[in-house]
2 protein chains.
Amino acid sequence: MTHPIGTGEAGEARVRVLLADDEHLIRGALAALLSYEDDILVVAEAASGPEALAMARAHRPDVAVLDLEMPGADGVAVATSLRAELPGCRTMIVTGHGRPGHLKRALTAGVRGFVPKTVSAQRLAEIIRTVHAGGRYVDPELAADAISAGDPPLTVREAEVLDLAADGAPIAEIARRAALSQGTVRNYLSSAATKLSAENRHEAARIARERGWV
Amino acid sequence: MTHPIGTGEAGEARVRVLLADDEHLIRGALAALLSYEDDILVVAEAASGPEALAMARAHRPDVAVLDLEMPGADGVAVATSLRAELPGCRTMIVTGHGRPGHLKRALTAGVRGFVPKTVSAQRLAEIIRTVHAGGRYVDPELAADAISAGDPPLTVREAEVLDLAADGAPIAEIARRAALSQGTVRNYLSSAATKLSAENRHEAARIARERGWV
DNA sequence: GGCGCTTCATGACATTCGTCATCAATGCCG
DNA sequence: CGGCATTGATGACGAATGTCATGAAGCGCC
C-alpha cells in the first residue's frame, strides 16, 4: 500500500515528504507530480490517520502533507500527535472543502500550512518548500473566511449538546446521551440557537458544523 | 484554467478523454498520470459542471471522466446532458465518498463507469479503456452497498420536500419554498420519516442524504 | 465570608411538529 | 364512463420543542 518514490537520495539535501490521503488516486498522482521536483522526495505514503503516524515514525519526514479527511484520525489529530512525537517534522493540511473552524483547529495544533485542493501541484511544491524552511502558508480565501466567521460564541456545554443534536435525534435521546435533564438540554440548545441566529436546534447544528465549531 | 495535455495526436487512434474535477490539484495530477498511458490523450479539462459541458462540446472527447461533486452541476447532471448532446461520448463518474443512491442515479443517466478515488491511476486507465470499448465498470464495494441499501422508497414529492428540509428550516419556510401548504408539507415529511424509520424530519433528511436519495 | 460566574435543574406557557382521518381535483387506464 | 392512484389540502389532537423566569449547587477570587 505504501512505497517510496523517486530516484533515491542524492548527495544534496532534499525535502523528505510524507503524503497521507485516503484517496489512492490522488495520493499516487500527487507523489508522481512531486517527484518531478528536484528538491522534493516523497519518502512515505499513508491512507489513514494511524498509518500516517506509523509511517512518520518509521521514515521521519521533514514535512508531513496530511489530508484533512481520513479514516481513523483526521489530519489535525495526526498533526497534534506528530508535534509531540516528532517536533522536527513540520506539518501541513490539504483539504477539499475547508471550513473556517478547521483552520483554527489546525493552527492551534501547530500546523504550518493549510491549502485547499484547488491549488496547482506547482504551487503545492512551493508551499512545501516554504513550510520546510520554517515559514507558514495559509490559503488567503480560507483565512478570510475564518476571520469573518470569528470566534465560536458557544460555551463548552453548548457545543457539546449541539454536537449530540447534530444527527437529528430527539431531545430525550440527547439528554440520555449527555446525562442531563431534558429541560437543561433544551436550555443549552435554545441558547446556542439564539447565538447562532438559527430558527431551531437543527439549523443551529448545521451552522455550527459549517463553521467547524463542533 | 483549462489546457490540453499530451504530445499531440499521433497517427494511431488514442482514447480522447475529458477530465472534470473542481480540485485543480487532483485534476492536474490525474492528467499527468494519464499522459503516461500511450493510448490515452487528455484533450480537455474543466473545473465545474457547466465548463465540463462547454469543453465537451468543443473537444468532443471519447470518454468524459467526471467528478461527482462539482460546482454548478454535479457529475450525474453533466452526464445526463452529455448523453443527449453527444451520444458518442461515454461517461464515467469518479467520486470521493460514494453513496449508494448516487450510483443508481448515475446508471440511470447512462453512466458506464463508477469508481471511487481510492483506486490507483493504473486501474483508472484500465477502466477508461473498458468504458471506451463499450464496456461497463462499477466498483464492487459501491455496488454491494447500493444493493444492500435497496431502492429509494420515497415518492418524487417526498424527496423534493425532504430536500428542502435538509438545512433544518422550519415547516413554514419549506412550505413557502415548495409553494405548498404547511399541512401538506407536514404530511409528506411525516410519510417520508415513517418510510425511513426516522424519529423526525431532520433525521429523515440525514438518512436520505446518506443514502444518496435526495 | 461574600461576590460573581458557570452549570444544571424545574416549571410554565405558547408554538411548532408529527400523526391521522378525510376530502377534492386531476389524470390514467380499461 | 367508472374505478383508481396521485397530488394537494384541511382540521384536529397530542407530543415535542422553544422560550423564559427562577433557583440551587459548585467554584474561583478578593
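What follows is calculated from the coordinates using simple rules that are stated; it is not laboratory data. This is a predicted model, so every value here is computed, not measured. Note that each Cβ is placed from the backbone with ideal geometry, even for glycine, and that neighbours are counted across all protein chains shown.
Take the alpha carbon gyration tensor of chain B, find the square roots of its eigenvalues, order them as a ≥ b ≥ c, and report rounded if a/c is under 1.5; if not, report prolate when a/b exceeds b/c, else oblate. Taking the square roots of the gyration eigenvalues as a ≥ b ≥ c, chain B is prolate. Per-residue ellipticity at 222 nm, computed for chain A from helices alone with -39500 (n - 2.57) per DSSP H run of at least four residues, works out to -15000 deg cm²/dmol. Projected over every direction and averaged, the convex hull enclosing the alpha-carbon atoms of region B:156-211 yields 3.2 nm².
Would you mind calculating the relative contact order of region B:44-89 from Cα pairs under 8 angstrom and at least 6 residues apart, reporting the percent as a whole number?
On the way: 47 pairs, mean separation 19.0, N = 46.
Taking the mean separation of contacting Cα pairs over the length of region B:44-89, I get 41 percent.
Measuring from each Cβ of chain B to the axis carrying B onto A, the nearest residue and its distance in whole Å come out as B:Ala29, 2. For B:Glu160, the label point sits 7 Å beyond Cα toward Cβ; its separations from the matching points on the remaining copies run 4.4 nm, from shortest to longest. Note on A:Lys104, B:Lys117: ascending count of other Cβ atoms within 10 Å places them as A:Lys104, B:Lys117, the fewest first.
A straight Cα-to-Cα reach below 21 Å connects A:Lys104 with the lysines A:Lys117, A:Lys195, residues fewer than 8 places away in its own chain not being considered.
Across the copies of the chain, B:Pro50 has label points (7 Å from Cα along Cα→Cβ) spaced 4.6 nm apart, shortest distance listed first.
What's the center-to-center distance, using Cα atoms, between region A:144-202 and region B:126-178 in Å? Each part reduced to its Cα centre gives a spacing of 29 Å. Of the beta bridges in the protein assembly as shown, as assigned by DSSP with both residues counted there, near 0 percent are antiparallel. Here the contact order of region B:15-148, divided by its residue count and restricted to Cα pairs under 8 Å and six or more residues apart, works out to 22 percent. Take every Cα pair under 8 Å whose residues are at least 6 apart in sequence, average their separation, divide by the length of region A:156-211, and the relative contact order is 36 percent.
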